[in-house]
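The values are calculated or read from the model by the stated rules, or taken from the named source; none is laboratory data. In this text the structure is predicted, and so the values were computed from the model without any measurement. Methodologically, a virtual Cβ is constructed for each residue, glycine included, from the backbone with ideal geometry; neighbour enumeration extends over all protein chains shown.
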Amino acid sequence: MTTDDTGTDDQADAEGGSDGAGVVRGERFTGGPARSFLSSLAADERLFAADIAVDRAHVVMLAEQAVVGRSDAAAILGALAEVAAAGHGSLPAGEDVHEAIETAVIDRVGPVGGRMHTARSRNDEVATCIRHRLREDLLAALAAVLGGRERLLDGAAEHTETVMPGYTHLQPAQPTTVAHWLGSYERALARDTARLVDAYDRVNQSPLGAAAFAGTTFDIDRGRTADLLGFDGVVENAMDAVSARDFLLESTAAVTGLAVTLAGLAEDGVLFAHRGFLRLDDEYASTSSIMPQKKNPDTLELVRGRTGDAAAALSGLVTTLSGLPRAYNRDLQRAGRHAWDAIDSVTAATEVAVGAVTTAGWNETALAAAAETGFGTATGVADLLARAGVPFRTAHEVVARAGEARPEALDEAAQAVLGESLWSHVDRAAVERVLDPAESVTTRDSRGGPAPDAMAASLGRARDNLAADRELLADRRAQLDAAERRLDREVSRRV
């Protein structure tokens, strides 16, 4: 079915002008306290620009397919430009931003504005707008994570020889370096990056053209609107296209994983500040309202608390989506806000967490002293014995029996367990070297270890990985920018 510039079709006739009533309901269902309960208009401000873009792409496609005539398309596109310039705050009342924009267009050009909704439903329109906006949010989160990774790598490069204690179960375990600790969080953020990219790529599929859930009788080109909006392709099955919110679930889960990484970084920072290992920059700390000597790691505590925001959002989204029948249900109106809450909270936390740690001053004297405590070099002595031919479990028993980093205590333990002096197996000078935390670190030169040379190699590989991820981000941003320019050109040809 096609229309020319003067013809009408049933859909356009039915939608008519607003006259104070919404274009979807007309004069029906307009009263009662449930109207405000149904409306998401205020919360939909986030989707305003996305809906304008989706409307423009849809109208361009309808004109190309001769479903809507040239002059009608020009009038609608001109009205959309005016609505965009006026902004979300000038929209008339409506159930949501999508209806309000359509009403605003009809208010400007009359009933012909209703043609913009030909061959689509709010179901596919909403799903497309959410994906369109979520792409930008995911790219912003990715940019924050990539920036954080770079700062961690820069900080690590400055501290490849700064010895610190390493812990398991919060007990002294083995000496390591500040670079090794910072690098461990950069690697975790690299995996968070990969999960965000994967989520983005599944978000970047267009539901537009699925209509209510069963497609449309109009001769539309779904691939064309996908291209104009910068999507990689279309969600093939129309019922799936309007029902699916698993892309929100995946994105929120990726963001929650990022929040967990940041919470670990923040917790370590709080503990290190407590132990006197680091001192936060004033920009990332606060003081007490009554105790003037206090310097509190408040920003890191709040980062740690943001995990609750993300976890709550993920839980809320799972609950909202669980058990919904096909195809569209109004429950889905509540789904997007969970993702927005999580991504906003965690993106901000990313910059703060990394900023707090990488601008902090490290107390190298306190770190070195702490690395001496708790017999953290014990494993090095056991390794020496094992290399000398003593079974590792027996070597483990010798060192455990000694219980302290004194050569004499180790020799006494060896005589008790092995029946002979420790020095009959290993050189005393070698033992004294591995008992020194700094020397212990230099011996741990396997790939991924804290030895300065091994750490430098790891940091080099991490920088290569970061550069590749920056290219991924740049490519995806370039794709969206190119699509925006393409859509602008097509619109300008028709207005």
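Could you list all residues from segment 353-392 that are at pLDDT below 95 and either of a type in the set (V, I, T) or at positive phi (or both)?
Within segment 353-392, T373, G374, F375, T377, T379, V381, G389, V390 qualify.
Please work out which residue is nearest to L314 (Cα to Cα), limiting yourself to segment 236-269 and to residues that are touching a residue at least 60 places away in the same chain (Cβ under 8 Å) and outside any helix (DSSP H, G or I).
That would be R245.
For R444, which of the numbered conditions (1) in contact with a helix residue (DSSP H, G or I) (Cβ under 6 Å, 6 or more places away or on another chain); (2) among the basic types (K, R); (3) crowded, with 18+ Cβ neighbours inside 10 Å fails to hold?
The failed condition is (1).
Answer yes if at least one residue in segment 278-299 is in contact (Cβ under 8 Å) with a residue 12 or more places away in the chain, buried (at least 24 other Cβ atoms within 10 Å of the Cβ) and either part of a helix (DSSP H, G or I) or of a type in the set (F, W, Y) (or both), and no otherwise.
Looking for residues that are in contact (Cβ under 8 Å) with a residue 12 or more places away in the chain, buried (at least 24 other Cβ atoms within 10 Å of the Cβ) and either part of a helix (DSSP H, G or I) or of a type in the set (F, W, Y) (or both), one finds none in segment 278-299, hence no.
Of the conditions (1) out of contact with any strand residue (DSSP E or B) (no Cβ under 6 Å at 6 or more places or on another chain); (2) in contact (Cβ under 8 Å) with a residue 40 or more places away in the chain; (3) assigned to a helix (DSSP H, G or I), A438 satisfies every one except a single condition; which number is it?
With respect to (1) out of contact with any strand residue (DSSP E or B) (no Cβ under 6 Å at 6 or more places or on another chain); (2) in contact (Cβ under 8 Å) with a residue 40 or more places away in the chain; (3) assigned to a helix (DSSP H, G or I), A438 is out only on (1).
Select from segment 260-274 the residues that are out of contact with any Lys or Arg (no Cβ under 6 Å at 6 or more places or on another chain) and among the small types (G, A, S) and list them in ascending order.
G264, G269, A273
Of (1) surrounded by fewer than 22 Cβ atoms within 10 Å (Cβ to Cβ); (2) more than 17 Å from D55 (Cα to Cα), A212 satisfies all except one. Which?
So A212 meets the others, but not (2).
Which is surrounded by 15 or more Cβ atoms within 10 Å (Cβ to Cβ) and either under 30 Å from E82 (Cβ atoms) or among the small types (G, A, S) (or both), of A456, A468, A451?
A451 is the lone residue from the list that is surrounded by 15 or more Cβ atoms within 10 Å (Cβ to Cβ) and either under 30 Å from E82 (Cβ atoms) or among the small types (G, A, S) (or both).
For every residue, the table says whether it meets (1) surrounded by 23 or more Cβ atoms within 10 Å (Cβ to Cβ); (2) among the aliphatic types (A, V, I, L, M); (3) within 29 Å of A327 (Cβ to Cβ).
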position: A57; (1), (2), (3): yes, yes, yes
position: L62; (1), (2), (3): yes, yes, yes
position: R70; (1), (2), (3): no, no, no
position: E99; (1), (2), (3): yes, no, yes
position: V109; (1), (2), (3): no, yes, no
position: M116; (1), (2), (3): yes, yes, yes
position: D124; (1), (2), (3): yes, no, yes
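Out of (1) touching a residue at least 40 places away in the same chain (Cβ under 8 Å); (2) assigned to a helix (DSSP H, G or I), the odd one out for V426 is which?
Of (1) touching a residue at least 40 places away in the same chain (Cβ under 8 Å); (2) assigned to a helix (DSSP H, G or I), only one is false for V426: (2).
Go through segment 27-75 and give me each residue that's at pLDDT below 55 and small (G, A, S).
Result: G31, G32, A34, S36, S39.
Among (1) under 20 Å from V60 (Cβ atoms); (2) touching a residue at least 60 places away in the same chain (Cβ under 8 Å); (3) of a type outside the set (S, T, N, Q); (4) assigned to a helix (DSSP H, G or I), there is one condition F231 misses while meeting the rest; what is its number?
Single failed check for F231: (4).
Since A119 meets every condition but one in (1) farther than 19 Å from D221 by Cα; (2) in contact with a helix residue (DSSP H, G or I) (Cβ under 7 Å, 6 or more places away or on another chain); (3) among the small types (G, A, S), which condition does it not meet?
For A119, the exception is condition (1).
Report yes if A140 is surrounded by fewer than 24 Cβ atoms within 10 Å (Cβ to Cβ), of a type in the set (A, V, I, L, M, F, W, C) and more than 21 Å from A244 (Cα to Cα), otherwise no.
In short, yes.
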